[in-house]
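Taking it in order: structure first as C-alpha cells, then the write-up.
The values are calculated or read from the model by the stated rules, or taken from the named source; none is laboratory data. All values reported here derive from a predicted model rather than from experimental measurement. Neighbour counts run over all protein chains shown; Cβ positions are idealised from the backbone, glycine included. We work out accessible area using only protein heavy atoms, side chains counted, and drop any ligands, DNA or RNA first. Shrake-Rupley method; radii C 1.70, N 1.55, O 1.52, S 1.80 Å.
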Amino acid sequence: MDGQGRKHRILMVSDFFFPNFGGVESHIYYLSQCLLKLGHKVVVMTHAYGTRSGVRYVTGGLKVYYVPWKPFLMQNTLPTLFLTFPIVRTILIREKISVLHGHQAFSTLCHEALMHARTMGYKVVFTDHSLYGFADAGSIHMNKVLQFTLADIDLAICVSHTSKENTVLRSGISPQKVFMVPNAVDTAMFTPSPERLSCDEIVIVVISRLVYRKGADLLVEVIPEVCRLFPKVRFIVGGDGPKRVRLEEMREKFSLQDRVEMLGAVPHAQVRSVLISGHIFLNSSLTEAFCIAILEAASCGLLTVSTRVGGVPEVLPDDMIVLAEPSPEDMVLAVKKAIDMLPGIDPQVMHLRMKRLYSWDDVAKRTDIVYDRAMQSPRTDLLERLPRYLTCGAWAGKLFCLVMIINYLLWCLLEYLQPTEVIEEVPDTRPVHARLESVDECETQGKGN
C-alpha cells in the first residue's frame, strides 16, 4: 500500500531500553506501543541486561530482542563495526522489516545497525535525543561518528528545534531531511495528588542522574543557599551517580540532614509518588535536548524551575516554568520567584493542560509520517552512496568509504554462507490491541443479535 495508510514493519534499535530507565528508554517504549495501536509491526533490538537475554515480549505484544552482548561502557556495547552484521541481518530478514529506526547518538548498537541496514538497502531513520558541543575531545569524536552515520540516511528526527539545529551543525545533514517530533508524557500515569498540598512547608523535588551533565555540581551550591534563605523549604533528591558523594558531603557540611532527603535511585514506577510529595521540581541540567522529567513533573502539577539550556525553553509555557541561567545565584533567584508563584498554581488545571499539550499518540502519528516519507526516498546502490562519505573529510571520508566497501563484501559473504531464502521468516501475528478490539466488536455484535 503506497502513501498514507501504509503499514510499516519497524525495527527500533538502541543500547538503551528497559529494564534500564531514562528518557530514551521511555521514548522507545511509549512510541512503540502507540505505533502498535496504529496497526504497525514493531520490534525492538537492544543488548542483554544481566540475565535478560534472548527474545522477550512486553506489554501490548511488543517483541524485544535482547542480543547476547554485555554492555562495555555506560550501557553501550563494545564497538565492533562488523561483528554485529550477522545478527542484525537475521533479525531484519526474519521479521520482514521495512524501516530500521535507530535511537541516540552515543549508542554503538544503533550506529552499527544503521550502517548494516543501509548496506542491505533498507530504509533507515535516526532519532537524536541529546545535545553535544564542538570543542572537547569527546564531542569531536562523537560528531565525526554522527557525520558518518547521517551521511547516508533517509531521514532524521530531533526532539526539539534546538536539537535539530545542533544535529545539522554537527553532522552536516541537510535540514530538509530532519524532522522535529517532540517527546511526550503518559498523563494517565503521572497524575496530581487528589488533595492539594499545604504551603506551610515547601518541598522541592529533584529527580535526576547525579552526574556532571545533569548539573549535580550546581545543586551542591544551590541547595545550601536556598535552605539558608527559606527556612520552610525542604528538598527531596532522587537519583544516583558519581556526584552523589558531593551531595552527601554538602549535607554533612551544612548540617542539612533533616532538610535534604537523599532517596538514591528511584524506580520509574515510584517516580510519581515522589513527585506528588512536592510543590516545585528543580532541573539543573547543563545540557538538555528535551527533558521528559519536566513533562512528568508538570503532569503531576508541580511548578518547574530549570536551567535555560538546550531545548528546555521549548518544553512548557512561561506560566508553568521558571527559567534561570546555569549559575547558583540565578538559580536561587528562580527558586524564590517560583515560591512566590505557588499560591496561583492549581495542579489539576496544570495536569489538564499537559493532557492537551503532549500525547504519545500524536508523537506516533507524526513519526508515522516520517516513515512514509522515508519509504518514498529513492533506492541507491553502493556506487551512488560512496561519494556521500567522501564529503566527511579528507582522510575520514576515504576511511568511511573503505568501511562501507568492507561491509558490502561482508554482506555478500553472508548471503553466500546463509542465503536469505534459508532464513525462516516469523509468521505475522496481530497486535494485542487489535485482538482486543476484535473481541470487543464480536461481543458487541453478539449483544446486538
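Odds and ends about this structure:
- Options T380, T367: the member that is farther than 24 Å from L316 by Cβ and polar (S, T, N, Q): T380
- One residue from A374, A394, A338 being closer than 30 Å to R170 by Cβ and surrounded by 15 or more Cβ atoms within 10 Å (Cβ to Cβ): A374
- Identification of helices (runs of 4 or more DSSP H) wholly contained in the stretch 224-300 with 3 or more residues that are open to solvent by 20 Å² or more (accessible area, probe 1.4 Å) and either among the aromatic types (F, W, Y) or without any contact (Cβ under 8 Å) to a residue 40 or more places away in the chain (or both) yields 244-253.
- Qualifying residue in the stretch 206-221 (condition: touching a helix residue (DSSP H, G or I) at 6+ places or on another chain (Cβ under 7 Å), under 19 Å from G23 (Cβ atoms), open to solvent by less than 20 Å² (accessible area, probe 1.4 Å) and assigned to a loop (DSSP other than H, G, I, E, B)): yes
- Residue in the stretch 190-197 that is farther than 30 Å from G344 by Cα and either in a loop (DSSP other than H, G, I, E, B) or open to solvent by 10 Å² or more (accessible area, probe 1.4 Å) (or both) present: no
- G121 being over 18 Å from C401 (Cα atoms) and open to solvent by 10 Å² or more (accessible area, probe 1.4 Å): no
- Filter result for the condition that a residue is in contact (Cβ under 8 Å) with a residue 24 or more places away in the chain and open to solvent by 40 Å² or more (accessible area, probe 1.4 Å), over F148, F126, F106: F106
- Any hit, the stretch 342-351, residues being open to solvent by 30 Å² or more (accessible area, probe 1.4 Å), without any contact (Cβ under 8 Å) to a residue 40 or more places away in the chain, outside the structural domain of M180 (by the TED database) and assigned to a helix (DSSP H, G or I): yes
- The set of residues in the stretch 309-335 that are surrounded by 21 or more Cβ atoms within 10 Å (Cβ to Cβ) and outside any helix (DSSP H, G or I) comprises V309, G310, G311, V315, L316, I321, V322, A324.
- Filter result for the condition that a residue is among the hydroxyl-bearing types (S, T, Y), within 23 Å of A117 (Cα to Cα) and in the same structural domain as L73 (by the TED database), over S174, S160: S174
- Tally of residues being at pLDDT 95 or above and not in a strand (DSSP E or B) across the stretch 5-15: 3
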